[in-house]
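Can you read through this structure? Questions will come right after.
Throughout, read-outs are computed from the coordinates displayed, never taken from laboratory work. Computed from a predicted structure; not experimentally measured. Cβ coordinates were reconstructed from backbone atoms using ideal geometry, including for glycine residues, and neighbour counts include every protein chain displayed.
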Amino acid sequence: MDNADRENSGNPACRARAELALGRYVLRFRMLEAATLPDFSGGMWRGVFGKELKAMSEGRAPAPAGEPPDIPPARLYEYFFETPPPENAALLRRAPRAPHPYVLAAPFHDSPIHLRPGDEINLPVTLIGHAANRLLAAVLLAFARAAGAGLGRGRGRARLVEALEETGAGADMALRRVFALGKPARAPLAEMPPPPQAPPFVMVDFRTPLRMTLRGRLMKPEDFSAGTFVMNVARRVSLLEACHGSGAPRVDFRRLRQTAHEVRLAGADLHWRDQTHWSARARRELPFGGVVGRVALDLRAAPGVWPWLWAGQFVHAGKAAAYGLGAYRLSWGAGG
């Protein structure tokens with residue numbers, strides 16, 4: 001047991017388990033035709049993913065052959081897009097719905113991306129829970145069909161050429177191929193990297209807009225609260241464990257909230273990024289702006305929150321995390 005484990009072992013409010021199965025994949029596509037993708041492509045990818053899953057669920061497109069998965073083909077769309085809550089999920093009493101078992105972590109760009117035939121694009125996809133990762137073949141098939149039907153402005157066709165799984169984290173991160181054209185697929189490992197020892201200070205780099213509410217309204221840069229951020233992450237990780245993991249963690253949230261508000265903001269360089277997303281369902285542009293930038297957190301008085309922060313960087317934080325919003329990365333020390 002390392003120092004971090006000793007510090008956390010006696011505090012049931014600060015235990016974040018690393019039992020949640022996370023399959024972190026990078027899908028690589030090669031363009032067959034020219035196309036222009038939006039600067040924020042998470043919404044686009046989510047739209048085409050849902051369209052192909054619905055076609056499989058309704059029998060208009062065949063699902064992958066092989067061993068029957070936990071989720072039957074007829075429920076693919078429901079599982080990923082209208083995720084039903086598990087029975088007796090007390091954590092969901094204050095949540096309008098169960099969190100989706102995936103994150104489409106497409107990066108943000110400053111302007112639309114113009115692609116030519118032969119160009120390659122990557123889409124990071126995280127599948128959350130064993131059931132979702134056992135559906136990897138269906139997920140890859142959905143994205144392959146979507147790319148083949150055309151992407152972005154110009155509807156340029158693309159081909160899914162391979163899928164790589166990320167293992168480990170930081171300096172220990174490696175890639176293993178789980179799919180390649182013309183080669184047998186490999187079973188995913190789907191593991192969350194265990195957290196290292198809690199650092200006294202950590203830098204949080206928000207890569208995509210964080211849409212988090214504070215006192216009933218969207219948090220702006222000047223309103224950023226370290227304790228509120230930590231609790232937002234802890235609630236999301238707990239909900240994901242309850243719905244897609246081994247069950248709700250035994251957490252004293254009142255005590256955890258007290259601990260979270262002992263985290264001190266040691267520095268901040270934040271700004272607001274305006275962003276919109278075209279919603280086919282609403283048939284209009286929806287606001288997707290949020291906070292981006294960096295903050296330094298002092299964890300010396302609350303090292304027990306570290307496992308929650310560690311887990312959160314793999315599943316994002318705030319609203320619309322499944323689209324890719326609320327992505328953040330942690331760094332600390334000389335080589336963190």
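Based on a Kirkwood Rh over C-alpha pairs, give the Stokes-Einstein translational diffusion coefficient of region 22-180 at 20 °C and viscosity 1.002 mPa s in µm²/s.
129 µm²/s
Scan around T208 for amide H atoms under 5 Å from its own, H built in the peptide plane at 1.01 Å from N, and keep only partners 5 or more places away or cross-chain.
G326, A327
Separate question: Quick one: T83, T126, T213, fewest Cβ neighbours within 10 Å first, how do they rank?
T213, T83, T126
Hey, can you grab everything whose amide H is under 5 Å from the amide H of F201? Only 5+ residues off in sequence or another chain; H modelled, so Pro and N-termini drop out.
Amide H neighbours of F201, under 5 Å, 5+ apart: L299.
Please work out how much length the chain gains when fully extended from T213 to R186, using 0.36 nm per residue of separation minus the C-alpha to C-alpha distance, in nm with one decimal.
Computed gain between T213 and R186 is 5.7 nm.
Give the longest segment of the chain that steers clear of trypsin sites (Lys or Arg not before Pro) in DSSP loops with at most 14 neighbouring Cβ atoms within 10 Å, not counting the sites themselves.
1-59
Another question, then. What are the extents of the Cα atoms of the chain along their three principal axes, in Å, largest first?
Principal-axis extents of the Cα atoms in the chain, largest first: 54, 42, 39 Å.
Work out from phi, with θ = phi - 60° and the Karplus expression 6.51 cos²θ - 1.76 cosθ + 1.60, the ³J(HN,Hα) of each residue of region 178-192, listed in order in whole Hz, and give x for Gly and Pro.
Per residue, the Karplus-derived 3J(HN,Hα) values read 10, 8, 8, 4, x, 10, x, 7, 10, 5, x, 7, 6, 10, 8 Hz.
How compact is region 200-247 by the rule of thumb for globular proteins, expressed as Cα Rg over 2.2 N^0.38 Å?
Taking the Cα Rg and dividing by 2.2 N^0.38 Å, one obtains 1.34.
Now for a different question. Report, in degrees rounded to the nearest 10, the 0 to 90 angle that the Cα long axis of helix 136-149 makes with the longest principal axis of the chain.
Computed tilt is about 50 degrees.
For the chain, modelled as a Gaussian network with Cα springs under 10 Å, which listed residue fluctuates most, V291, V103, V251?
V251
Can you give me the long-range amide H partners of R186? Hydrogens built in the peptide plane at 1.01 Å from N, cutoff under 5 Å, separation of 5 or more residues or another chain.
Those qualifying (amide H under 5 Å, at least 5 residues apart or on another chain) are F179.
Beyond 22 Å, what share of the Cα-Cα pairs of region 199-331 remains, rounded to the nearest whole percent?
Tail fraction, whole percent: 36.
If you build the Cα gyration tensor of region 91-190 and take the root of 5 times each eigenvalue, what three semi-axes come out, in whole angstrom, biggest first?
Working from the Cα gyration tensor, I get semi-axes of 25, 20, 16 Å.
Can I ask one more? Report the Stokes-Einstein translational diffusion coefficient (µm² s⁻¹, integer) for region 125-247, Rh taken as the Kirkwood radius over Cα pairs, at 37 °C with viscosity 0.692 mPa s.
Rounded to a whole number, D works out at 182 µm²/s.
Identify all lysines with a Cα-Cα distance to K183 below 30 Å; exclude those on the same chain that are fewer than 8 residues away in sequence.
K51, K54
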